[in-house]
Every structure is written in structure tokens, then in C-alpha cells.
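K.L.:
Just dropping this structure here.
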Amino acid sequence: MEPGVKEGGSGAAATRAGFVALIGAPNAGKSTLLNALVGSKVSIVTHKVQTTRALIRGIAIHGQSQIVFVDTPGIFQPRRRLDRAMVTTAWGGAAEADLVALLVDARKGLAEEAAAILEKLGAEFPAGRPKVLVLNKIDVVKRDLLLALAAEANEAVAFDRTFMVSALTGDGVPDLLDYFAAAMPPGPWLYPEDQMSDLPMRALAAEITREKLMTRLHEELPYESTVETEAWTETPKGVRIDQVVYVARESQRKIVLGKGGQTIKAISMAARRDLAEMLGRPVHLFLFVKVRENWSDDPERYREMGLDFPR
């Protein structure tokens, strides 16, 4: 048994462990909710849709339960090869989980994408497969509209429970966490107690920088951009992290750099703050920007992101 992994047992102190898949349309708030549930930043959060590309697993300890959250890519109508890989990954993560949580943006209601997910969920996850409905962003929606939305969704799919939360403010999140903890199957914990994600730290650092990149350049920069951590060096004064931002064209490289390098400097400063807070020690971050044409057609890039390459 790994150090820090608890054994299950009998009686009141028996441990539980399992997987919860968070699914929903792009920008339903899955990544924000994941970070609220885990208590640490493990998933990219921006107002640009479809920013989660691979299955990001955040790990929460609640009482005697270890809950492994799978933050799937937003489910949408795929148009490109990368889109197809993301949607396939999302449904695959849901199929393998012990419990599926459908997150719906309460402001948008059952819009086209949410309605399509609801239909597929009802068809592929019949009664008996644990699933809950989570209405998010309740801080900006009137109660009567929330109740009507909950009734409409439960008429389409037989959810075990319905929760109303605000991932941003934390309202309703503790009750949701209580439910997830109790719903996990009995058994030993799957990861060490102090681990917050099964993403390697280098990949998690790249996700944080990509979040800052998308936040800063959400209108100018398309999805054909990625961040890779090329070097991670521990030093007496902290950690040095060398990363490369890859874009598809030279014109995009100039956008990322900005006039006099001001844009990449701002992105670096924002990422460095989050990384230092996460690691608990000084971080020296060095960012480089390179052009990698047609990277979204390269099977190796998909493997690095944990996605299957669609033929």
C-alpha cells in the first residue's frame, strides 16, 4: 500500500473512495465548482468556453471519504478533430465514474447544448446509475425560475437528487460535498492524503499558465494554443519553471508577446503568483513563445493532454 493511502475497514470509521464525473455544457461552471470542492486550484477557469481539454482529476477528503473528481471537457457539438477528442473524453469519463453530476448554468436553463446532454444522459445512463443534477449560478437567478428548471430537468431524467449551488460564492457547495462523500463506495483511499490532483505538477503548472493566457487573450487567441512545461528545477531560493507557449502562426506569437513583451510579462506575473501560492515557495517562471504549425493534427500532442487521437 502507498504511504498515506488509508485502508478501509468495518465500523463507523470505515473509509470510502470513488469517482465523481462533473459534466455539462461549456462554461457551465464545472472548473470553478471543482476548485471550490477541492479547495485548491486544479482546473483552468476562464470566461472563454471549452478551456478544459483533458480529464482533470481533483481530489477532496471529506470525513472518511476520498472523492476523486473528474472535471471533463465541456460537452458541445464537435467541429474539429480536437473538439471530437474532447467530447469523446468527456463521455468516457462519465461512463467510468461511480456517480455523474450534471451541472447546468441556471441563467441559460436547458439551452440547446444542455438539452442535448440531458437527452443523451437519459438514454445512456438509465435508472440505477447514480446521477445528480446541480443547478449552478443560483446567486443571479430567481427562486421560482430555479424550481421550474429543476422540475423540467427531472421530468427528462430521473436524477437521484437536485442541488442548487453557486460555485463562485460557495453557497450550497458544503451540502453537495456531504452528499458526494456519503455516496462513495466503501474501500481504501486511492491517493495519498495530501494529494490534491493526479495531474503531474508540471502539467498542473502548465494549466495555470494557460488559464492566464486565455484570460488575457480570450478574444484574440484561438484554441490552437497550448502550454508545455519543459524544465522544472528545484533551487535553494525556490523553483525555476521553464515553459513554452505554442501557437499555430507567427501572427499569434506577436499577439502573445505584446508590444515590447508587455503581454507575456503580465501573463507570467499572474501565473507566477498562483504557482507560488500553490507550491508554498518562491517561483521563478520563464515563458517562451514558439510557433508550432498544425499542432492540433499531431497525435503526440493529444497524448500529452491525455486525449485519444480521433482518426
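K.L.:
Of these, Leu287, Leu279, which one is in contact with a Ser or Thr (Cβ under 6 Å, 6 or more places away or on another chain), open to solvent by 20 Å² or more (accessible area, probe 1.4 Å) and either closer than 19 Å to Met201 by Cβ or not β-branched (Val, Ile, Thr) (or both)?
P.N.:
Leu287
K.L.:
Suppose we filter the stretch 262-283 for residues that are over 21 Å from the mean Cα position of the chain (by Cα) and in a helix (DSSP H, G or I); how many remain?
P.N.:
7
K.L.:
Please count how many residues of the stretch 222-261 are touching a residue at least 40 places away in the same chain (Cβ under 8 Å), part of a helix (DSSP H, G or I) and farther than 13 Å from Leu287 by Cβ.
P.N.:
Number satisfying all stated conditions: 1.
K.L.:
Condition check: small (Gly, Ala, Ser), in a helix (DSSP H, G or I) and either at pLDDT below 80 or buried (at least 19 other Cβ atoms within 10 Å of the Cβ) (or both). Does Gly128 satisfy that?
P.N.:
no
K.L.:
Continuing with the same structure: Does Ala114 count as surrounded by fewer than 17 Cβ atoms within 10 Å (Cβ to Cβ), aliphatic (A, V, I, L, M), assigned to a helix (DSSP H, G or I) and at negative phi?
P.N.:
Here the answer is no, as Ala114 does not meet what is asked.
K.L.:
Also: For the subset of the stretch 131-171 comprising residues that are outside any strand (DSSP E or B) and among the β-branched types (Val, Ile, Thr), which member is farthest from Leu118 (Cα to Cα)?
P.N.:
Just the residues of the stretch 131-171 that are outside any strand (DSSP E or B), to begin with: 137-160, 165-171.
From what is left, the residues that are among the β-branched types (Val, Ile, Thr) are 138, 140-141, 157, 165, 169.
Numbers: Ile138: 19, Val140: 23, Val141: 21, Val157: 7, Val165: 19, Thr169: 26 Å.
Applying the filter and picking the extreme gives Thr169.
K.L.:
Checking the condition open to solvent by less than 10 Å² (accessible area, probe 1.4 Å), touching a strand residue (DSSP E or B) at 6+ places or on another chain (Cβ under 9 Å), of a type in the set (Val, Ile, Thr) and closer than 27 Å to Val38 by Cα, which residue from Val141, Val100, Val157 passes?
P.N.:
On the way: Val141 fails: open to solvent by less than 10 Å² (accessible area, probe 1.4 Å); Val157 fails: closer than 27 Å to Val38 by Cα.
Going through Val141, Val100, Val157 in turn, just one is open to solvent by less than 10 Å² (accessible area, probe 1.4 Å), touching a strand residue (DSSP E or B) at 6+ places or on another chain (Cβ under 9 Å), of a type in the set (Val, Ile, Thr) and closer than 27 Å to Val38 by Cα: Val100.
K.L.:
Is at least one residue of the stretch 161-174 of a type in the set (Lys, Arg) and at pLDDT 95 or above?
P.N.:
Within the stretch 161-174, one or more residues are of a type in the set (Lys, Arg) and at pLDDT 95 or above.
K.L.:
Between a first residue in the stretch 167-189 that is closer than 19 Å to Gly24 by Cβ and a second residue that is small (Gly, Ala, Ser) and part of a helix (DSSP H, G or I), which pairs have beta carbons less than 6 Å apart while being 6 or more apart in sequence or on different chains?
P.N.:
Ala167/Ala36; Gly170/Ala36; Val173/Ala36
The values are calculated or read from the model by the stated rules, or taken from the named source; none is laboratory data. A quick note: this is a predicted structure, and the numbers were derived from the prediction, not measured. Glycine gets a Cβ as well: all are built from the backbone with ideal geometry, and neighbour counts include every protein chain shown. Surface areas here come from the heavy atoms of the whole protein model, side chains and all, with no ligands, DNA or RNA. Shrake-Rupley method; radii C 1.70, N 1.55, O 1.52, S 1.80 Å.
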